[in-house]
1. Rg and Dmax in Å for the chain, alpha carbons only: what are they?
2. With each run of n ≥ 4 DSSP H residues scored as -39500 (n - 2.57), what mean residue ellipticity at 222 nm is computed for the chain after dividing by its residue count and rounding to the nearest 500 deg cm²/dmol?
3. Using a 7 Å offset from the Cα along the Cα-to-Cβ direction at both Asp215 and Asp96, what is the distance between the two label points in nm, to one decimal?
4. Scan the range 62-131 for trypsin sites (Lys or Arg not before Pro) in coil per DSSP, keeping those whose Cβ has at most 16 other Cβ atoms within 10 Å, and list them by number.
5. Find the centroid of the Cα atoms in the range 56-112 and in the range 140-218, then give the distance between the two in whole Å.
6. Find the lysine pairs in the range 1-147 meeting two conditions, Cα atoms under 23 Å apart and a separation of 8 or more places or different chains, and report how many there are.
7. Order of Met167, Met237, Met97 from fewest to most other C-beta atoms within 10 Å?
8. Under 15 Å from the Cβ of Lys77, count the other residues' Cβ atoms, weight Lys and Arg +1, Asp and Glu -1, and hand me the total.
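Any read-out appearing in this document is the output of simple, stated calculations on the displayed coordinates, not a laboratory observation. Here the structure is a predicted model, which means the values were calculated and not measured. Cβ coordinates were reconstructed from backbone atoms using ideal geometry, including for glycine residues, and neighbour counts include every protein chain displayed.
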Amino acid sequence: VKDKLTKAQEIVSTASVRAKGVLNKFALDGQVAVVTGAGQGIGRSIAHALGEAGAKVAVADLEFNRAETVAAELQAKGIQSLAIKVDVSKKQECEDMVQKVLSAFGDLHIGVNNAGIVFHSDSEDTSEQEWTRTMGVNLNGVFYCCQAEAKHMLKKGYGRIINTASMSATIVNHPQRQVAYNTSKAGVVHMTKTLGTEWCDRGVTVNCISPGYVDTELNRSELLLQVRTQWLNETPMKRLADVEDLVGGVLYLTSKLSNFTTGLDLIMDGGFTCW
Ligand code: NAD
């Protein structure tokens, strides 16, 4: 019996060493990340996940008080963190954001360009302000951040850029109307493919995640609460995503395990786009 027990312990301990070998590939110790729109929702959850994986994390948001709150949450967990105020629709502010990260942490390995907004209106009534602001934040903002981050990463020969697109890049949401949003997110997916193939042989991969409906503030307007039941019925998993459902995909894209992956649109939608 004793022999069998020792043998069993050996097998368990070998398996555990093997498992740790793979899990170690997710570790981000010594790396620096910046996450935009990290003051709440999906971005906040990604900031926590990257910090827990070992990265120093800059929490960037238009609402500075939100960024400060999240940075404090990370610091309370022993994660080095910095709050930055940024309006990603302004190119200069995106460049300043990267400079602030470099001044504070000396390097930048991971950029998660996640800030986004949505307006709902019939397409014929969508105002110029709704259209230009959506494009300014969701499309221009992602490009300005990619550019500013990549300028540093290309010099160093390493970088992982992850943009937040949406399943709305692929499907047309209904009954709520959001022509500017859908168009901007389709742009993010194609921008990701373009940049992801242009920079990858110099060490910088660019990928995007496309969430389905996620239970965040973005989806808690009166109009969207009214259509929630329809969303649930149309989602094979019969639920909205929790922000935590998305971090596995991001950790894969920041890890060594995704070294041969670039230009990917990683759809995480509970099966929505399959139906
Ligand atoms: P959210 O509204 O909860 O949080 C967005 C954050 O971005 C806020 O803290 C806001 O202050 C910040 N922000 C807005 N404009 C900004 C700007 N110009 N510069 C910097 N920060 C700005 O939204 P969320 O649901 O967490 O969404 C995050 C991203 O995920 C967005 O790009 C969104 O389009 C995308 N997404 C969300 C869903 C969903 O169902 N919630 C689905 C697919 C994709």
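1. 19.9, 78
2. -14500 deg cm²/dmol
3. According to this spin-label approximation, the distance is 3.8 nm.
4. Lys77, Lys90
5. Each part reduced to its Cα centre gives a spacing of 18 Å.
6. The number of close lysine pairs in the range 1-147 is 13.
7. With the sparsest Cβ surroundings first, the list reads Met237, Met167, Met97.
8. Cβ neighbours under 15 Å give a net charge of -1.
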